[in-house]
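Laboratory data are not the source of any read-out in this text; all were calculated from the coordinates shown. A quick note: this is a predicted structure, and the numbers were derived from the prediction, not measured. Cβ placement follows ideal geometry from the backbone for every residue including glycine, while neighbour counts extend to all protein chains displayed.
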Amino acid sequence: MNHYDILNLPTNATGQEIKVAYRRLVKKFHPDSQTQQASHEKIILINAAYEVLSDPQRRRHYDQNN
């Protein structure tokens, strides 16, 4: 599973789309959210994907190597 799959985004997603997807998923899976889907493991994956895809330079490097 790659970063785009984790955030449920196409590889050509815009920065704004990445931010919106990240926020939506954090609300759903954050351990403090008190929802049944809350998952510490899932939020770690979501945060890691967002860190890479939200930074244009890191995203370029990731896209070139994956």
### Query
What's the extension gain from R60 to N8 if we count 0.36 nm per residue and subtract their Cα-Cα distance?
16.9 nm
### Task
Report the charge-dipole magnitude of the chain in Debye, nearest 20, computed about the Cα centre from +1 at each Lys and Arg Cβ and -1 at each Asp and Glu Cβ.
180
### Task
Over 16 Å, how big is the tail of the calculated P(r) for the chain, in percent of all Cα pairs?
42
### Query
Cα axis of helix 40-53 to longest principal axis of the chain: angle in degrees, 0 to 90, nearest 10?
30
## Note on the structure
Once the dipole of the chain is set up from charges on Cβ (+1 Lys and Arg, -1 Asp and Glu), the residue from the list P31, H61, V20 lying farthest towards its positive end is V20
